[in-house]
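> Below are the structure tokens for one structure; questions will follow.
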Amino acid sequence: MWPNKQPSLGWIFVSRMIGIICFLIAVVLANILKFYVSSPVYQSGVVFLNENFWLFILIAIIFLVADLFGAFPFPLNLPAPIIRAFGSVFCIAVMLIIFQWVDGITGMTLYHFFWLISFLLGPLVFLIVLASGYYEIMRQLWWQPKLEHETGSNTLVFHEEPPVQSSKTTSDAKSWEEIGSEFRLMLFDIIHRFREEIRKKE
């Protein structure tokens, strides 16, 4: 099974910023509709959204930074799982705030139940996200050398020609050297593309 191709830094930044902009537009529209919708539930929802606006923005920025670090090659992607794990803890905090708001609207007692569970759920989610993030990094490191080895092996088999005469030994040795130089140039081109991608986004 082949590993998934990592999206570029530009695509990650643009897609996440589009999500943040859509959220800002939704908040503005909700505040405008507040003057036309007289429902108490809607009014309370808009107030809840405004009071926790910066918390939502902070969570979006945390995951944006985590995704940007995750797009870098090893070892620059090592901070990504830690940042994403902290973002998941903030998400649990948002869930608690939502349950508290729901309790205020419906008169239920969900908040106290989930507040007790959060003491166990928070560290558990943090460790799961952290472990899965570093597992993904190790998986990519494991697959990368195998891909390079298999690519080199396929290239050698593709360019290999069956010996027709024993007098072709010298020409065959030269062809192997050319294949090795082509493989080295291919690796150099991959590293060069990584550097160019990083320089474009700085």
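> Might you check whether a residue that is under 16 Å from residue 129 (Cα atoms), buried (at least 17 other Cβ atoms within 10 Å of the Cβ) and not aliphatic (A, V, I, L, M) occurs anywhere in segment 56-65?
Yes, that holds for at least one residue.
> For segment 86-111: of the residues being touching an Asp or Glu at 6+ places or on another chain (Cβ under 8 Å) and part of a helix (DSSP H, G or I), which is modelled with the lowest pLDDT?
Result: 110.
> Taking only pairs six or more apart or across chains, which ones have beta-carbon atoms under 8 Å, a first residue in segment 129-148 that is over 30 Å from residue 91 (Cα atoms), and a second residue that is at pLDDT below 75 and assigned to a helix (DSSP H, G or I)?
What qualifies is 148/187.
> Could we say that residue 44 is buried (at least 16 other Cβ atoms within 10 Å of the Cβ) and either over 15 Å from residue 24 (Cα atoms) or in contact with a Phe, Trp or Tyr (Cβ under 9 Å, 6 or more places away or on another chain) (or both) here?
Here the answer is no, as residue 44 does not meet what is asked.
> Can you name the condition, by its number, that residue 130 falls short on among (1) at pLDDT below 75; (2) out of contact with any Asp or Glu (no Cβ under 9 Å at 6 or more places or on another chain)?
(1)
> Kindly list the number of the only condition in (1) surrounded by 13 or more Cβ atoms within 10 Å (Cβ to Cβ); (2) in contact (Cβ under 8 Å) with a residue 24 or more places away in the chain; (3) assigned to a helix (DSSP H, G or I) that fails for residue 69.
Residue 69 satisfies all of (1) surrounded by 13 or more Cβ atoms within 10 Å (Cβ to Cβ); (2) in contact (Cβ under 8 Å) with a residue 24 or more places away in the chain; (3) assigned to a helix (DSSP H, G or I) except (2).
> Let me ask you something else. For segment 90-111, indicate whether the set of residues that are without any contact (Cβ under 8 Å) to a residue 60 or more places away in the chain, out of contact with any helix residue (DSSP H, G or I) (no Cβ under 6 Å at 6 or more places or on another chain), more than 21 Å from residue 128 (Cα to Cα) and among the small types (Gly, Ala, Ser) is non-empty.
Within segment 90-111, one or more residues are without any contact (Cβ under 8 Å) to a residue 60 or more places away in the chain, out of contact with any helix residue (DSSP H, G or I) (no Cβ under 6 Å at 6 or more places or on another chain), more than 21 Å from residue 128 (Cα to Cα) and among the small types (Gly, Ala, Ser).
The values are calculated or read from the model by the stated rules, or taken from the named source; none is laboratory data. These numbers come from a predicted model, not from an experiment. For neighbour counting, all protein chains shown are included, and Cβ atoms are generated from backbone atoms with ideal geometry for every residue, glycine included.
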